[in-house]
Amino acid sequence: MNRIPSVSLRRDGAAGEEEAAPDPAALARWARAFCVIRFDLERGQLVEACYPPGALASGTGLDRLVAFSSFPDSMSHHLPRHRSSVHDSLFSFRVPDPSPSASVPGSRRGFLYGFVFNRQRQDERLPRGGEQKSVVILSHAPYSSLFRLLLQILGPLCFDVGPSALSMVASHVAAWPAPVPGRPMELPIGSAALRVHLPPAADDPGPPPALLPANPSVPYGLFHDADLFAAFRGLLLHLWTLWELMVVGEPVLVVAPSPPQCSEAVAGLVSLVAPLLYSVDFRPYFTIHDPDFARLNALAEGEVFPPMVLGVTNLFFLKSLKSIPNVVSVGSPNPNSTRVLPVGGQSHGSGNGINGTPGKLKLDKLAINKFSPTGLLNSIKLRREGPLCLMTEHKEALWSTYVSTTKPDTSVLNRLIDAGVSPRIEESMSVVNNEILRRHFLELTTNFLAPFGPYLRTTTPSEGSSPFVDPPLLPPFHADEFVNGLAARGAGKFLSKRMKSNWLDLYRRFLEGPNFMPWFRQRRAAAEQEQQRLWRQARMNVDIEKLMSKLSELERIDSFNAIERYLLREMENSRTGATESVTVCEKLKGDLRAAFSVLPKDMQQLLLSNPKRALLLQGSNEKIPGLDGIVSQTSL
């Protein structure tokens, strides 16, 4: 679904002002390169222009990889004939980053995201009757909602004024503030501003698993803007199986007639599991020129296909990657089709959606409420033919050996709106349907992750206790104990209505799959950090004199040692310029003196014999010599 850019006019527009050369470091915060790729009949795909100059000329083959990923595959389905001589499309790709900085030993593999505005122009006066060019934004960040809007400005501008538009737009992008993941931003571009809500950062664990996000319109994962309903409207009943495949990290091959359809479908699949961190490699538009194709093509028969989600248009992959166990075909060879129901669905005179009037999707048309002998025969035939039947005719279907646990939610399907035959209202209805679907799968994923909540639960000091003791450790996690405990407690009210009796198998697959450990470690680290913050705040709020009055002499000495230990830690942090640490240091210095004042005189004399400690007790702001050598635990 191509959305109209969300812009607001600005009175301080600088449209006609001459721009200085963009700051490379500021530009790199958002994008690696802006390119124009041309398809040459003699030489193939060529980088016609690039800004910054030389951004792709790294000798690593990135220019070639980007160029081949920026056009519809030569063996993909033919585009329909249009009355217009110009056909524009938007799609995206994801490729390995070959730069040295992205391949540091021991680090996670780096990727680059490409966002493409492709124009195909039919003209009988040109060789072969037409030409095509692509305008590409290459970035390390998956900001699809932003770059799709920006491409709708940059793409036509490049065709109107030429490659100079690349540097013009780059100047505006370099002037933007640094990205703030997970927050709404207003980014000026000429006399307008793009309003976007960036997705959370890759290391942002998202909301706690036991809590449903308050606002489902806010992105809690990648590609929140993906058009779920348009991408899978012919496979609505299979969305729950696809959700499971993504949760457990199964390999999936997505086949579509065109790059926009396959890249949108892959983005939609990744977005299905939010707020779960999706750690599996995914490629919205995969071609034979990708450096990983040779490795995948060389897999021996019976060898397990690695966890990947590949979006393809080249039907050659159906044969070369035949070991992939899950294949889903989406989209229509006619991208202008307004069909909402699956193949063999609604006729235009059947009631809902007639004369362009929106209505509810009928569940009997989705073949969920009643048995159909014809539908059963078609299903058996489709399964027997397998994905290779797509070689002769494209149809929307799912081929998988996976045994699903989750049942399609009829209450959700009943709320979906059929736009009927009117293109005018189809997009607005799709927005409504997307909100319904996204809300449901966000709730489904959150409830699925909720049983892990006790292992990620933070604690705070109890009333009247000392916040200067070490916080308790989070409960240890053991997969077998977790599954046994879950079996004893049950799936819970929400999941029990939506899952079959084998629901524990889904948890077992999740625990063994590639998504669990990265997500759990990230959530665990976030919980530990949050617990440290809560206890630090408790130390800031404690009334030290009241606390000391309740402690025994031995407990007072222990508290003094603990306060000193935390003070030295905060002083080390304050050297980095952290304002908050400076404030905490002042509070802890006062607490240290208060704790010192209630100690026995002989103990005070013993403590003052250490000159470094004496400086701390005096509240001196001088740098303490040899502070780095002070042990964290003072021994008396």
* **Single condition Pro257 does not satisfy, out of (1) touching a Ser or Thr at 6+ places or on another chain (Cβ under 7 Å); (2) in a helix (DSSP H, G or I)** => (2)
* To do: Counting only residues that are modelled with pLDDT of 95 or more, give me the strands (runs of 3 or more DSSP E) lying completely in segment 101-209 with at least 1 of them.
  => 111-122, 130-139
* Keeping to segment 486-495, report how many residues are part of a helix (DSSP H, G or I) and surrounded by 16 or more Cβ atoms within 10 Å (Cβ to Cβ). => 2
* Residue among Arg556, Arg575, Arg593 that is free of Cβ contacts under 8 Å to residues at least 24 places away in the same chain and more than 30 Å from Ala450 (Cβ to Cβ) -> Arg575
* **Residues being in a helix (DSSP H, G or I) and either at pLDDT below 90 or open to solvent by 40 Å² or more (accessible area, probe 1.4 Å) (or both) - total across segment 504-523** => 7
* To do: Under 6 Å between Cβ atoms, at least 6 apart or on separate chains: pull out the pairs that start in segment 460-485 with a residue that is surrounded by 13 or more Cβ atoms within 10 Å (Cβ to Cβ) and end on any residue that is of a type in the set (Phe, Trp, Tyr).
  => Pro467/Trp535; Pro471/Trp535; Phe477/Tyr455
* Structure fact -> Within segment 19-35, the residues that are open to solvent by less than 70 Å² (accessible area, probe 1.4 Å) and within 17 Å of Ala165 (Cβ to Cβ) are Pro22, Leu27, Trp30, Ala31, Ala33, Phe34, Cys35
* Structure fact -> Taking segment 290-306 and the residues there that are surrounded by 16 or more Cβ atoms within 10 Å (Cβ to Cβ) and touching a helix residue (DSSP H, G or I) at 6+ places or on another chain (Cβ under 9 Å), the one that is farthest from Phe68 (Cα to Cα) would be Phe305
* Filter result for Gly464 (at pLDDT below 90 and either among the acidic types (Asp, Glu) or more than 28 Å from the chain's Cα centre (by Cα) (or both)) -> yes
* Asked: Is it fair to say Ser597 is exposed (fewer than 14 other Cβ atoms within 10 Å of the Cβ) and modelled with pLDDT of 85 or more?
  -> yes
* Any idea which of (1) among the hydroxyl-bearing types (Ser, Thr, Tyr); (2) closer than 30 Å to Leu41 by Cα; (3) at pLDDT below 90 is the one Ser217 doesn't satisfy? -> (2)
* **Single match in Arg38, Arg43, Arg10, Arg3 (criterion: basic (Lys, Arg), open to solvent by 70 Å² or more (accessible area, probe 1.4 Å), modelled with pLDDT of 75 or more and closer than 23 Å to Gln152 by Cβ)** => Arg38
* **Options Leu547, Leu554, Leu534, Leu588; residue that is open to solvent by 90 Å² or more (accessible area, probe 1.4 Å), at pLDDT 85 or above and among the hydrophobic types (A, V, I, L, M, F, W, C)** => Leu554
* Output for segment 391-419, where each listed residue is open to solvent by less than 30 Å² (accessible area, probe 1.4 Å), under 25 Å from Pro251 (Cβ atoms) and among the small types (Gly, Ala, Ser) -> Ala397, Ser404
* To do: Restricting attention to segment 546-590, report how many residues are in a loop (DSSP other than H, G, I, E, B) and farther than 17 Å from Pro467 by Cα.
  => 4
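The values are calculated or read from the model by the stated rules, or taken from the named source; none is laboratory data. Just so we're clear, the structure is a prediction, and the values are computed from it rather than from any experiment. As a convention, Cβ positions derive from the backbone with ideal geometry for all residues, glycine included, and neighbour counts pool all protein chains shown. Each accessible area value is taken on the protein alone, full model and side chains, heavy atoms only, with ligands, DNA and RNA left out. Shrake-Rupley method; radii C 1.70, N 1.55, O 1.52, S 1.80 Å.
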